Amino acid sequence: MEKCKQVIACEVDHRLVAELQKRVQNNPMQSKLKIIIGDVLRKDLPFFDVCVANLPYQISSPFVFKLLLHRPFFRCAILMFQREFAQRLVAKPGDKLYCRLSVNTQLLARVDIIMKVGKNNFRPPPKVESSVIRLEPINPPPAINYKEWDGMLRICFLRKNKTLSNLFHQTSVMEMLRHNYEVHCSMKNNDGDG
């Protein structure tokens with residue numbers, strides 16, 4: 001805390017909040033600490049430059065996207081995740097773990113695994129291995145409607161072993177694409193036939 005302007009901690013557990021407050025009480029660093037009490041997924045994040053987090057693994061995916069869609073941009077995030085999740089973030093096309101998460105994360109950020117953390121580094125040891133990743137948002141972000149892009153990716157990764165051609169021949173998918181096209185055309189004052 002000595003080297004930073006301010007530390008913003010977000011914690012849902014009131015016992016840990018009390019412990020943190022106790023540790024900085026009557027310390028010159030106390031004025032640098034701001035604690036947000038509650039679920040990080042439900043709180044509005046303030047401006048920050050660097051994020052360092054060790055989260056409950058079950059909120060990994062929603063937290064990554066909350067960070068990536070956060071504005072104004074932050075410089076980087078150092079995050080610890082379950083190893084398989086971290087590998088999905090950095091997976092490349094053709095990798096077994098390549099998925100919608102991989103595509104979206106790499107569209108919006110540069111992501112690298114910077115170290116592995118074995119389960120024996122924890123007490124009690126968890127059942128899974130962990131990895132620490134570095135996430136740097138791409139600024140400016142791609143000029144896309146993220147919600148529409150993610151909807152298309154959901155279709156693409158719906159049935160992993162099907163080809164995209166087969167997916168796009170499904171009636172429900174074609175109806176959705178036609179509807180989206182018609183909405184797009186109506187917004188541009190176009191009749192949709194051109």
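The values are calculated or read from the model by the stated rules, or taken from the named source; none is laboratory data. Everything numeric in this text was worked out from a predicted model, so none of it was measured. Neighbour counts run over all protein chains shown; Cβ positions are idealised from the backbone, glycine included.
Things to note:
- When residues in the stretch 50-61 are screened for being modelled with pLDDT of 95 or more and within 22 Å of residue 5 (Cα to Cα), 4 of them pass.
- Of all residues in the stretch 48-66, none are aromatic (Phe, Trp, Tyr), surrounded by fewer than 15 Cβ atoms within 10 Å (Cβ to Cβ) and on the phi < 0 side of the Ramachandran plot.
- Filtered by the rule that a residue be small (Gly, Ala, Ser), exposed (fewer than 13 other Cβ atoms within 10 Å of the Cβ) and either farther than 21 Å from residue 157 by Cβ or at pLDDT 95 or above (or both), the stretch 80-129 gives a lone residue, 118.
- Lone qualifier among 17, 52, 40 - being aliphatic (A, V, I, L, M) and more than 14 Å from the chain's Cα centre (by Cα): 17
- Residue match in the stretch 29-37 (condition: over 17 Å from the mean Cα position of the chain (by Cα), farther than 19 Å from residue 115 by Cβ and of a type in the set (Ser, Thr, Tyr)): yes
- First in the stretch 56-70 and closer than 18 Å to residue 140 by Cα, second anywhere and assigned to a loop (DSSP other than H, G, I, E, B), Cβ under 7 Å, 6 or more apart: 66/41; 70/45
- Taking (1) touching a helix residue (DSSP H, G or I) at 6+ places or on another chain (Cβ under 9 Å); (2) closer than 28 Å to residue 4 by Cβ; (3) crowded, with 18+ Cβ neighbours inside 10 Å in turn, residue 138 satisfies each apart from (3).
- Residue identified as within 26 Å of residue 41 (Cβ to Cβ) and within 15 Å of the chain's Cα centre (by Cα) among 79, 97: 79
- Boolean, residue 88 is more than 20 Å from residue 12 (Cβ to Cβ) and among the charged types (D, E, K, R): yes
- Of all residues in the stretch 2-22 being in contact (Cβ under 8 Å) with a residue 24 or more places away in the chain and part of a loop (DSSP other than H, G, I, E, B), the one that is nearest to residue 53 (Cα to Cα): 12
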